[in-house]
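Following: one structure in structure tokens, then a few remarks.
The values are calculated or read from the model by the stated rules, or taken from the named source; none is laboratory data. Only a predicted model underlies this, so the values are computations on that prediction, with no experimental measurement involved. Here the Cβ positions follow ideal geometry from the backbone for every residue, glycine too, while neighbour counts run over all protein chains shown. The accessibility values were calculated without ligands, DNA or RNA, using every heavy atom of the protein model including side chains. Shrake-Rupley method; radii C 1.70, N 1.55, O 1.52, S 1.80 Å.
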Amino acid sequence: MEEEKKIRVIIAKPGLDGHDRGAKIVARALRDAGMEVIYMGLRNTPEQIVETAIQEDVDVIGLSILSGAHMALVPRVLELLKENGVEDKIVLVGGIIPKVDEEKLKEMGVAEIFGPGTPTDKIVEFIRQRVGEIRKR
Amino acid sequence: MDEDDVSVLVASLLRGDRRALARLITLVENRPRLRDRIMSLIYPYTGNAYVIGITGSPGSGKSTLVDKLTGELRTRGKTVGIIAIDPTSPFTGGAILGDRIRMLSKSTDEGVFIRSMSTRGSLGGLSRAAYDAIALLDAFGKDFVIVETVGTGQAEVDIVDAAYTSIVVVTPDMGDEIQAIKAGILEIADIFVVNKADLENVEATVMALQMMLDLSDKGDWRPPIIKTVATKGVGIKELLDAIERHRAYICETDRIEKMHYKRSKVRILEIVRSKLMDKLIRELENSGELDRIVKCVVEKKMDPYSAADEILRKLDKK
């Protein structure tokens, strides 16, 4: 019997802010939607995040940032992914990201940005749809 | 993804490509048909890694202990693969795998590969794919593979079939829980760790374990009890020394060969059982036979045992 492959997601908090409430809520919502969530806790470096994404062979990398350092941290993660030849992962960002930066991050390769107040259903649905598209290829 | 792609991936793994290793673990977890092919290609390259199992209650400090033990192995020049297993929610099929939080410093060490797995509804604590993941890490060339499982229920017994040295972690604040675990766990532990040994009641916990050991018959290996404070790295060297002593003990006679024989047998039968069940259930469901028999039982025309016998008789005819 060919089982359907479980969707695997990393939830990480790059940088130094300690506000992990949002990350935890998203992690639980994804688990409740039947996904396997590798929860990395606080203060991850981009290097740790990318290496974890490789070893865990995840479909999605979720980055939660509330420190304001997103324009330094997110591009670094994307760069490291490219350096390691990893191109099939969906990168999502959650947290407080100003509109002007949203556009720039998306241009760099972030699939979507979810700000405060986003219903978790919307995140689940987005992940399912995108992962489905990638797997069909 | 087909069989040719799989051969390419396996060749990459054998060359030391960690991305190929990661992808192959995903495949053995999810794609039974490819898994069979992968495992037959990999098998000749396995048998070099020493497998250590670590189990204990949630919160006993297993992940921190694994992190520190890995650090000690690295200073002794060994490479390490880690499989951290957490339970799958029986209600949603999802899981939160959080063991890596305690191992972040090892994430970027080239000599360490960590993979989180969920139990995915397997009855034992070790998912079936965990055995295959161990083999993949072994073929990848890791000197040691550490398997970490939560010890609640059947898990700690299963680990025995995968590990050469099984470590059971207890803490001084467990109180009477020690009594509760002794039934299954005492038999499987080759080494006991009393972690959080800076708490009160350490000596009482050690004594309780000693007394249990006095009453049990574990042959000529008496499991040592090692006190650790994993968060501070205390007792880790002693733990690794104890592991090496146990390794020497099982390798010194033909114990390890007997272990291999017994495990191979269990493993083969387990695979036969699962393949047979899958095939049977598929046939019964496709033919509508299962539905018919279930309805008979529901309508009290047949009891469940007779129903099972009727299904087994069909097997005999083949």
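Which is open to solvent by less than 70 Å² (accessible area, probe 1.4 Å) and either outside any helix (DSSP H, G or I) or not assigned by TED's automatic domain parsing to the domain that holds B:Val112 (or both), of B:Leu9, B:Leu69, B:Leu65?
Going through B:Leu9, B:Leu69, B:Leu65 in turn, just one is open to solvent by less than 70 Å² (accessible area, probe 1.4 Å) and either outside any helix (DSSP H, G or I) or not assigned by TED's automatic domain parsing to the domain that holds B:Val112 (or both): B:Leu9.
Quick check: anything in segment B:123-132 more than 10 Å from every other protein chain (Cβ to nearest Cβ), surrounded by fewer than 24 Cβ atoms within 10 Å (Cβ to Cβ), at pLDDT below 90 and in contact with a Lys or Arg (Cβ under 6 Å, 6 or more places away or on another chain)?
yes
Check off (1) under 25 Å from B:Arg128 (Cβ atoms); (2) β-branched (Val, Ile, Thr); (3) touching a Leu at 6+ places or on another chain (Cβ under 9 Å) for B:Ile268 and give me the number that stays unchecked.
All conditions pass for B:Ile268, except number (3).
Give the residue that is least open to solvent (accessible area, probe 1.4 Å), with candidates limited to residues of segment B:205-231 that are polar (S, T, N, Q) and within 17 Å of B:Leu65 (Cα to Cα).
So, considering only residues that are polar (S, T, N, Q) and within 17 Å of B:Leu65 (Cα to Cα), the one least open to solvent (accessible area, probe 1.4 Å) is B:Thr228.
Quick check: anything in segment B:24-35 more than 13 Å from chain A (Cβ to nearest Cβ) and of a type outside the set (Asp, Glu)? Spell out how you get there, then give the answer.
Just the residues of segment B:24-35 that are more than 13 Å from chain A (Cβ to nearest Cβ), to begin with: none.
No, that holds for no residue.
Kindly indicate which of B:Glu238, B:Glu203 is assigned to a helix (DSSP H, G or I) and modelled with pLDDT under 95. Break it down stepwise before answering.
Numbers: B:Glu238 fails: modelled with pLDDT under 95.
Result of the check over B:Glu238, B:Glu203: B:Glu203.
Filtering segment B:104-119 down to residues that are at the interface with another protein chain (Cβ under 7 Å from one of its Cβ atoms) and out of contact with any Phe, Trp or Tyr (no Cβ under 8 Å at 6 or more places or on another chain), which residue is surrounded by the fewest Cβ atoms within 10 Å (Cβ to Cβ)? Before the answer, list the steps.
From segment B:104-119, those at the interface with another protein chain (Cβ under 7 Å from one of its Cβ atoms) are B:104, B:107-108, B:113-116, B:118; that's our starting set.
Right, trim to out of contact with any Phe, Trp or Tyr (no Cβ under 8 Å at 6 or more places or on another chain) and you get B:104, B:107-108, B:114-116, B:118.
Numbers: B:Leu104: 19, B:Ser107: 21, B:Thr108: 13, B:Ile114: 26, B:Arg115: 24, B:Ser116: 27, B:Ser118: 24.
Going through the qualifying residues, I end up with B:Thr108.
Somewhere in segment B:152-175, is a residue more than 14 Å from every other protein chain (Cβ to nearest Cβ), modelled with pLDDT of 85 or more, touching an Asp or Glu at 6+ places or on another chain (Cβ under 6 Å) and within 23 Å of B:Ala197 (Cβ to Cβ)?
Yes.
Here are the criteria: (1) polar (S, T, N, Q); (2) open to solvent by less than 10 Å² (accessible area, probe 1.4 Å); (3) under 30 Å from B:Asp278 (Cβ atoms). Tell me which single one B:Thr46 does not satisfy.
For B:Thr46, the failing item is (2).
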